[in-house]
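Engineer: Before anything else, here's the structure in question.
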Amino acid sequence: MTAPPLVLAREAALPVAEFRRVLAESGLGATRPVDDAARLGEMLAGADLVVGARLRADGRLVGVARCITDHAWCCYVAELAVSRDVQGLGVGQALLGEVRQLVGPRVSVMLASVPESVGFYERIGMQRVPDAFTWKRSG
Ligand SMILES: CC(C)(COP(=O)(O)OP(=O)(O)OC[C@H]1O[C@@H](n2cnc3c(N)ncnc32)[C@H](O)[C@@H]1OP(=O)(O)O)[C@@H](O)C(=O)NCCC(=O)NCCS
């Protein structure tokens with residue numbers, strides 16, 4: 001597994017169009033409001049930490065981790081998405097590594113996986129939380 005040379009960094013002002021493109025290219029767009037640019041904009045504006053993976057060669061965004069965190073106790077990764085043409089090369093793992101680095105060891109990192117990605121989170125050593133609860137959105 002060899003990731004292409006990447007720039008991993010906070011994206012303080014990620015354009016909606018780039019976010020939308022990576023969601024669509026990853027496949028995660030099937031479960032996110034990719035046809036509602038205003039809502040995607042709200043999602044970006046309300047996130048405390050957005051980390052991007054860009055190809056060093058041309059600056060193309062190929063991965064994103066959008067997180068809600070207090071930087072003190074917990075960090076919820078609301079989306080982790082990697083463009084299909086670079087999946088399986090270490091980009092997703094590198095993005096989560098960067099998130100962990102940025103929030104630091106005092107902060108627990110959590111997320112809810114789509115069924116197809118459970119194997120990824122197991123592979124990179126995240127622990128399952130069997131007693132997590134949610135109220136599903138209705139709109
Ligand atoms: C899931 C996702 C973020 C993983 O990112 P990625 O860059 O493809 O994964 P990596 O290359 O960093 O994978 C790290 C390891 O996990 C393995 N892996 C990746 N995806 C996997 C999967 N779906 N099932 C099992 N193992 C997987 C890789 O083969 C690699 O193993 P290795 O260390 O033996 O080489 C990415 O595939 C993706 O965007 N998928 C579609 C959207 C999605 O499901 N997002 C998660 C929402 S919860």
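The values are calculated or read from the model by the stated rules, or taken from the named source; none is laboratory data. Quick caveat: nothing in here was measured; it's all calculated off a predicted structure. Note: ideal-geometry Cβ built from the backbone for every residue, glycine included; neighbour counts use all protein chains shown.
Engineer: Scan the range 14-61 for residues that are polar (S, T, N, Q) and under 21 Å from Q101 (Cα atoms) and jot them down. Write out each step before concluding.
Structural biologist: Residues of the range 14-61 polar (S, T, N, Q): 26, 31.
None - no residue of the range 14-61 is polar (S, T, N, Q) and under 21 Å from Q101 (Cα atoms), so the list stays empty.
Engineer: Moving to a separate point now. Could you please tell me which pairs satisfy a Cβ distance under 6 Å, a separation of 6+ or placement on different chains, a first residue in the range 119-139 that is in contact (Cβ under 8 Å) with a residue 12 or more places away in the chain, and a second residue that is surrounded by 10 or more Cβ atoms within 10 Å (Cβ to Cβ)?
Structural biologist: I124/Q93
Engineer: Can you list residue pairs whose Cβ atoms sit under 7 Å apart, with the first residue in the range 1-19 being closer than 18 Å to A38 by Cα and touching a residue at least 40 places away in the same chain (Cβ under 8 Å) and the second being of a type outside the set (S, T, N, Q) and in a strand (DSSP E or B)? Count only pairs 6 or more apart in sequence or on different chains.
Structural biologist: If the second residue must be of a type outside the set (S, T, N, Q) and in a strand (DSSP E or B), the pairs left are L14/V50; L14/G52; E18/L61; F19/V64.
Engineer: Would a scan of the range 19-28 turn up a residue that is surrounded by fewer than 16 Cβ atoms within 10 Å (Cβ to Cβ) and assigned to a loop (DSSP other than H, G, I, E, B)?
Structural biologist: Quick first cut of the range 19-28, residues surrounded by fewer than 16 Cβ atoms within 10 Å (Cβ to Cβ) only: none.
No; the residues of the range 19-28 include none that is surrounded by fewer than 16 Cβ atoms within 10 Å (Cβ to Cβ) and assigned to a loop (DSSP other than H, G, I, E, B).
Engineer: Take the residues in the range 117-128 that are more than 15 Å from the chain's Cα centre (by Cα) and within 6 Å of the ligand (Cβ to nearest atom); name whichever of them is farthest from R84 (Cα to Cα).
Structural biologist: So, considering only residues that are more than 15 Å from the chain's Cα centre (by Cα) and within 6 Å of the ligand (Cβ to nearest atom), the one farthest from R84 (Cα to Cα) is R123.
Engineer: I would also like to ask the following. If you take the residues of the range 105-139 that are hydroxyl-bearing (S, T, Y) and more than 20 Å from C74 (Cα to Cα), which of them is surrounded by the fewest Cβ atoms within 10 Å (Cβ to Cβ)?
Structural biologist: For the range 105-139, the residue satisfying everything is S138.
Engineer: Pairs please, first residue from the range 78-103 and farther than 21 Å from A30 by Cβ, second anywhere and modelled with pLDDT of 95 or more and near the ligand (Cβ under 8 Å from one of its atoms), Cβ atoms under 6 Å, 6+ apart in sequence or on different chains.
Structural biologist: Q93/I124
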